[in-house]
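Enquirer: My questions all concern the structure below.
The values are calculated or read from the model by the stated rules, or taken from the named source; none is laboratory data. Computed from a predicted model, the values in this text were never measured in an experiment. Cβ sites come from the backbone with ideal geometry, for glycine too, and all protein chains shown count toward neighbours. Only protein heavy atoms, including side chains, enter the accessible area calculation; ligands, DNA and RNA are left aside. Shrake-Rupley method; radii C 1.70, N 1.55, O 1.52, S 1.80 Å.
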Amino acid sequence: GLKAEPVLEHMKEQGITDETLNTLAFSGIDIKSWLHGFDSVNESVKHSVDTITHHPLMPKDVPVHGLVIDPKTGKLDLIVDGYER
């Protein structure tokens, strides 16, 4: 994963204030966790599907699938079957 601290320092150097970072934290966004990323592509896909399916504007009856494509072979793997959620 990515190391959050150097990225946060660079953000501050670019003008992002502590107030803005605190606002994100108070809004429920764990910026350090978000910046860390995921240790696996599958974990990232599952998280993305979960975020989309639980979005308040997403109708509950819409199946959301999660897939990973191998850029070298083009092989497509189903990670989350939206019909089973």
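Enquirer: Taking the simple approach of a point 7 Å from Cα along Cα-to-Cβ for both Lys12 and Asn42, what is their distance in nm?
Expert: In this crude spin-label approximation the distance works out to 3.8 nm.
Enquirer: So between His65 and Ala4, what do we pick up on full extension, going 0.36 nm a residue minus the alpha carbon distance?
Expert: Additional length available on full extension: 19.1 nm.
Enquirer: At a 1.4 Å probe, what is the % contribution of carbon and sulfur to the accessible area of the chain?
Expert: On the way: 3900 of 6760 Å².
Answer for the chain is 58 percent, counting heavy atoms of protein chains only.
Enquirer: Work through the residues other than Val64 whose Cβ is under 13 Å from its Cβ and net out their charges, Lys, Arg +1 and Asp, Glu -1.
Expert: Here the count lands on -1.
Enquirer: If you don't mind, another one. If I build a Gaussian network model for the chain, linking alpha-carbon pairs within less than 10 angstrom, which residue out of Leu24, Leu35, Leu67 has the largest mean-square fluctuation?
Expert: Taking springs between Cα atoms under 10 Å, the residue moving most is Leu24.
Enquirer: In degrees, nearest 10, range 0 to 90: what is the angle between the Cα axis of helix 41-53 and the longest Cα principal axis of the chain?
Expert: Relative to the chain, helix 41-53 is tipped by roughly 90 degrees.
Enquirer: Given a Förster distance of 35 Å, report the FRET efficiency between Lys75 and His54 from their Cβ-Cβ distance, rounded to the nearest 0.05.
Expert: Once rounded, the FRET efficiency stands at 0.75.
Enquirer: To continue, here is another question. What 222 nm value per residue comes from the helices of the chain, counting each DSSP H run with n ≥ 4 as -39,500 (n - 2.57) and dividing by all residues, nearest 500 deg cm²/dmol? It would help to have the intermediate numbers written out before the result.
Expert: On the way: 4 runs with 38 residues, N = 85.
Per the formula, -13000 deg cm²/dmol.
Enquirer: Same structure, new question: Could you do me a favour and compute the accessible area per residue for the stretch 16-85, 1.4 Å probe, result in Å²? If you can, show how the numbers build up before the last one.
Expert: Working: 5560 Å² over 70 residues.
Dividing the accessible area of the stretch 16-85 by its residue count gives 79 Å².
Enquirer: Here is a follow-up. In a GNM of the chain with a 10 Å cut-off on Cα contacts, which of Thr23, Thr51, Thr73 has the highest mean-square fluctuation?
Expert: In this elastic network of the chain, the residue with the biggest mean-square fluctuation among Thr23, Thr51, Thr73 is Thr73.
Enquirer: Considering all alpha-carbon pairs of the stretch 6-85, what whole percent are spaced by more than 15 angstrom?
Expert: 69
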